[in-house]
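Coordinate-derived values only; no laboratory data. Given the structure is predicted, the values throughout are model-derived calculations rather than measurements. Backbone-built Cβ (ideal geometry, glycine too); neighbour counts: all protein chains shown.
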2 protein chains.
Amino acid sequence: MNEFDLVKNFFEPMCLKNTDVLQGIGDDGAVIKWLGTSSLVMATDTLVAGVHFPHDMAPEAIGYRSGAVNISDIAAMGGLPKYATLALTIPRVDEKWLSQFSNGLRQVFSEFGCSLVGGDTTKGPLTVNLTLIGAMEGPCLRRSGCEQGDVVLVSGTLGDARGALDLLGSNKLSEGGKYLLKRFQKPEARVALGISLVGYANACIDISDGLLADLKHLSDASEKAIIVDIDKLPISDALLEVVGRERAVEYATTGGDDYELAFTVSPSNVDYVMRVAAQHEQRISVIGEVQKGSGVRFKKGQERGELLEASGYRHF
Amino acid sequence: MNEFDLVKNFFEPMCLKNTDVLQGIGDDGAVIKWLGTSSLVMATDTLVAGVHFPHDMAPEAIGYRSGAVNISDIAAMGGLPKYATLALTIPRVDEKWLSQFSNGLRQVFSEFGCSLVGGDTTKGPLTVNLTLIGAMEGPCLRRSGCEQGDVVLVSGTLGDARGALDLLGSNKLSEGGKYLLKRFQKPEARVALGISLVGYANACIDISDGLLADLKHLSDASEKAIIVDIDKLPISDALLEVVGRERAVEYATTGGDDYELAFTVSPSNVDYVMRVAAQHEQRISVIGEVQKGSGVRFKKGQERGELLEASGYRHF
């Protein structure tokens, strides 16, 4: 039983049939109609030490990253992050650790104008959980909206965070290595881009499990096929320098933790989206298209079955 | 450094100075002005296996209790629980455990009309975190509102959950013992009472750390003294039968996990509150009064210093 069956069997029945739940379980966040045309987006994410980050990761980076990962979920729905609660489980009160951790979290929250409004601190194995509420106007960005003929785009560059994992523990890093490490420790949530996609993108997800795995979520939810042009994947010079092209392509397709947005728009909206992205100085790249059918495949002549095999991040 | 210093030093600075945060960190829940006169209440609570419940506790009871504990926080603010996210960390996918756990959680959510709208399932040591959003109209019930001369009341009976801890692992339970166990496994969140107190109670808290410890939170937040009449504590016949009067009084004052509401009202509102409670068939008892000064004390002639000593539940 994978995470998706688990959610379907055990948790979905707990969502009562309220007409005010515009989007329930099964997307990056839930969307609730509050009053008038205003909705709130709610998302939660847990990072467990030893599973989602190394035990000895710099506390400031743990704090920043926890915040960014959750903000990214709100961004993927097209919302503006506003309020958060922190459920922090720590083995003991280590003031130095807490001070650095909260510095990191405070930094990312203040960058995005998000307020910590409550929380719970408990004793136990190190686990960081945040729940965020965002505000939004208009229809949210769902996983399930891909239309046949849509163009598939991604923000930023892919695979950098996965590249950084190879470097953890290294003492001496090149400039490229430092760049990758920053991409892992301080992912940039694409809030402005997400908001500007509302009403223009047909579907959207943030890349946490890896490009192919997350496109599979779009494909499954939308019941469409997604064709990826492997030659068009945006890869940073730093990643190329540090791991070479072969591995860079592997990391860009199957590495997780990028927190870029992958989204699909009808061909008539591509120009608008490109213009808006340029205004935000946000790199975006066309990487494929939506077709009739199911699953995620590479463009003809780009058969790389081993990447598709490797792309299914298993939570258990 | 205790939990309160920790929150004050590290987490409060992360609450930006928004005028829409009506109540930030430091109460049972946060209250956010959304639109018009409507507010939302947000609260989060984590239960760690081996800390907040025994590893071998029945999964259904873990599910029910996790929901009830969080709903109780919303009740203590005067809100109506509406939506929840579940962040569940489990060591492995055990379908039987998950099925029973989700049955328990579903039961309490459907009793209170609360929808699970999202969540995150991660691999790691068993930890259950819920974040709830409630809706409310009017001023929330804060810890900080005690007024000199207020009457102090509590709902239900006290100490039952603590009494149940003595019985865990017993094979044969008396009727009284079964009642206590049910009080521990399925605490009743006082949502209807909380909502009816809005505009009438000056301060409110739910009893999770123990009566005296939680009254101390009211006393500290309100900068008033709270005088408890130890002879008036509501104690169930079951608790008296199972542990005797001496220990029953100890458990009623210092045992946690009751999830009853403790609240203060001006003398002129006591009749109203009693009437409303009777309509809800909700037992409430006058147990003390608010005076000038600070701290929690017993009524003259009831000196029981050892109980006050024992009342400070330490989270670390």
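Both the radius of gyration and Dmax for the range B:143-310 are 15.5, 49 Å, in that order, over alpha-carbon atoms.
Kirkwood-based Rg over Rh for chain B (C-alpha set), two decimals? Display every interim value, and only then the final one.
Details: Rg = 19.0 Å, Rh = 20.0 Å.
My calculation puts Rg/Rh at 0.95.
In order along the range B:93-107, the Karplus-derived 3J(HN,Hα) couplings, from 6.51 cos²θ - 1.76 cosθ + 1.60 at θ = phi - 60°, round to 7, 10, 4, 5, 4, 4, 5, 5, 4, 6, 4, x, 5, 4, 4 Hz, and Gly and Pro are given as x.
How large is the Kirkwood hydrodynamic radius of the range B:3-137, counting all unique pairs of alpha carbons, in Å?
On the way: mean 1/r = 0.0635 Å⁻¹.
Averaging 1/r across every pair of different Cα atoms and inverting gives 15.8 Å.
The Cα center of the range B:167-197 and the Cα center of the range B:86-100 differ in position by 24 Å. Between residue B:270 and residue B:57, the FRET efficiency estimated from the beta carbon spacing at R0 = 35 angstrom works out to 0.35.
Based on DSSP H runs of at least 4 residues, each adding -39500 (n - 2.57), what is the mean residue ellipticity at 222 nm of chain B after dividing by all its residues, to the nearest 500 deg cm²/dmol?
Numbers: 10 runs with 111 residues, N = 316.
Rounded to the nearest 500, the figure is -10500 deg cm²/dmol.
Around residue B:187, what is the net charge, scoring Lys/Arg as +1 and Asp/Glu as -1 over all other residues with Cβ under 13 Å from its Cβ? Neighbour charge sum, excluding residue B:187 itself: -3. A point 7 Å from Cα along Cα→Cβ stands in for residue A:281, and the other copies hold the same point at 6.6 nm, listed in rising order. Rounded, prolate or oblate: which fits the protein assembly as shown when a ≥ b ≥ c are the square roots of the eigenvalues of the alpha-carbon gyration tensor, with rounded for a/c under 1.5 and prolate only if a/b beats b/c? Verdict is prolate for the protein assembly as shown. Residue order for A:247, A:190, B:283, A:142, fewest other beta carbons within 10 angstrom first, comes to B:283, A:247, A:142, A:190. In order along the range B:45-52, the Karplus-derived 3J(HN,Hα) couplings, from 6.51 cos²θ - 1.76 cosθ + 1.60 at θ = phi - 60°, round to 8, 10, 10, 9, 4, x, 10, 9 Hz, and Gly and Pro are given as x. Values of log10 I(q)/I(0) for the range A:1-53 across q = 0.28 Å⁻¹ run -1.12, by the Debye formula with one identical scatterer at each alpha carbon and no solvent. Mean partner shielding of peptide B:2-10, defined as the number of other chain Cβ atoms within 10 Å of each residue Cβ, is 4. Relative contact order of the range B:3-137: what whole-number percent is it, with Cα pairs under 8 angstrom and at least 6 residues apart? Relative contact order comes out at 32 percent. Across the range B:181-188, rounded Karplus estimates of 3J(HN,Hα) from the backbone phi angles (6.51 cos²θ - 1.76 cosθ + 1.60, θ = phi - 60°) give 4, 5, 5, 6, 7, 10, x, 9 Hz, Gly and Pro being marked x.
If you take every DSSP beta bridge fully contained in the protein assembly as shown, what fraction is antiparallel? Give it as a percent rounded to 5. Mind dumping the intermediate values first?
Values: 90 of 115 bridges.
Counting only bridges with both partners in the protein assembly as shown, antiparallel ones make up about 80 percent.
The residues B:292, A:172, when put in order of fewest to most other Cβ atoms within 10 Å, stand as A:172, B:292. Remark: mean inter-chain Cβ contacts per residue of B:44-53 equal 5, using a 10 Å Cβ-Cβ cutoff to other protein chain atoms. At 37 °C and 0.692 mPa s, what whole-number value in µm²/s does Stokes-Einstein give for the translational diffusion of the range B:63-139, with Rh from the Kirkwood sum over Cα pairs? This corresponds to a translational diffusion coefficient of 255 µm²/s. The mean count of C-beta atoms from other chains within 10 Å of the C-beta of residues in B:25-32, rounded to a whole number, is 4.
Counting only Cα atoms, the size of the range B:59-98 along its three principal axes is 37, 18, 13 Å, in decreasing order.
When a footprinting reagent is the concern and you count Cβ atoms within 10 Å, what order do B:85, B:157 take, fewest first? Don't jump to the answer; show the numbers that get you there.
On the way: B:85 26, B:157 20.
Ascending number of Cβ neighbours within 10 Å: B:157, B:85.
State log₁₀ I(q)/I(0) for the range A:14-86 at q = 0.14, 0.22, 0.25 Å⁻¹ as given by the Debye formula over alpha-carbon point scatterers of equal weight, solvent excluded. Debye intensities relative to I(0), on a log10 scale: -0.53, -0.98, -1.14.
Quick check on the range A:151-310: of the DSSP beta bridges with both residues there, what percent are antiparallel, nearest 5%?
Numbers: 18 of 22 bridges.
Of all bridge pairs located within the range A:151-310, approximately 80 percent are antiparallel.
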